[in-house]
Amino acid sequence: MASRKDLKKQKEKTSQALIQAALQLCAEEGYASLSLRSVARKAGIAPTSFYRHFREIDEMGVAMVAQAKEVLDECLAKTRKKMTFPAIKKKDSPVLLLKSIECMTRPFVETFMTFWVKNTQLLHLFFQERTGSSEAMRTAIFDSTDQLTDLLADDLKRLCKTSKIEPGDIHLIAETMLTIASCSGMEMLVHPESKPDDISGRTIRKLNLLLLGALIYE
């Protein structure tokens, strides 16, 4: 007879198989097209077994959002270890400001794109369903994005500590940075022929200009 520990591992394995099946179907047809039967069939289990893991499709969707959040948390944690924050002075020229800004934007973009390539289906679902049909998904993604934005805003405060940018504006900039980065990830899906380094380079440039404008405007 299987032990309780073995049964728990098997349940987790099956739950993950359902999530992976759902992600594949989302990539092919979109989240709105998911059904209990289609996910179970893709995972190779009986439809009735689905209820042993999730009460409904949206509960599984929220679980996928939670996994995406974990990936993005790890992404930001690795990004923070690579960032540096040179002191910015009011008399610095735009060229010097850009050099200081890129000490933050380059690690952020390069790390984000690396994580996107490794977790394309999961992160695509996360950012795609922000405006999707599922209220449960939208709420979970909004809450997760807000937490991620707060973390990124804390780093921006270090970059902008000598400026007069309002805390609320710093939060908006952080939110915009996440949006731009996610759009660049989507671009890799739409234009697979594009070179990742080219997309990353353009994304860094966009964020540099965003932050430069904020620092000069204040």
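Taking the longest Cα principal axis of the chain as reference, the axis of helix 57-82 is set at about 30 degrees. Please build a GNM for the chain, connecting alpha carbons under 10 Å apart, and tell me which residue among Arg52, Arg106, Arg158 fluctuates the most. Among Arg52, Arg106, Arg158, the largest GNM mean-square fluctuation belongs to Arg52. For the pair segment 150-218 and segment 49-120, the centres of their Cα atoms are 11 angstrom apart. Between Leu189, Leu122, Leu152, where does the largest GNM mean-square fluctuation fall for the chain, given springs only between Cα atoms within less than 10 Å? Looking only at Leu189, Leu122, Leu152, the biggest GNM fluctuation is shown by Leu189.
Once you sort the root eigenvalues of the Cα gyration tensor of segment 97-167 as a ≥ b ≥ c, which label holds: rounded (a/c under 1.5), prolate (a/b larger than b/c) or oblate (the other case)? Cα axes put segment 97-167 in the oblate bin. By the helix-only formula, in which each DSSP H run with n ≥ 4 contributes -39500 (n - 2.57) and the sum is divided by residues, the chain has a 222 nm mean residue ellipticity of -26000 deg cm²/dmol. If I compute Rg/Rh (Cα atoms, Kirkwood Rh) from the structure I just sent, which labelled value in (i) 1.06; (ii) 0.93; (iii) 1.00 lines up? Comparing each candidate, only (i) matches the computed number.
Of all the options Asp155, Asp197, Asp73, the one that moves most in a Gaussian network model of the chain with Cα springs shorter than 10 angstrom is Asp197. Going by a ≥ b ≥ c, the root eigenvalues of the Cα gyration tensor, does segment 118-217 fall in the rounded group (a/c under 1.5), the prolate group (a/b larger than b/c) or the oblate group? Oblate shape, in that a/c is at least 1.5 and b/c is the bigger or equal ratio.
Judged by the ratio a/c of the largest to the smallest principal axis of the C-alpha gyration tensor, segment 1-54 counts as prolate, that ratio being 1.5 or greater while a/b is larger than b/c.
Compared with the dominant principal axis of the Cα atoms in the chain, helix 135-159 is inclined by about 30°.
Every read-out reported here was derived from the displayed coordinates using simple, explicitly stated rules and does not represent laboratory data. As the structure is a computational prediction, the values presented were derived from the model and not from experiment.
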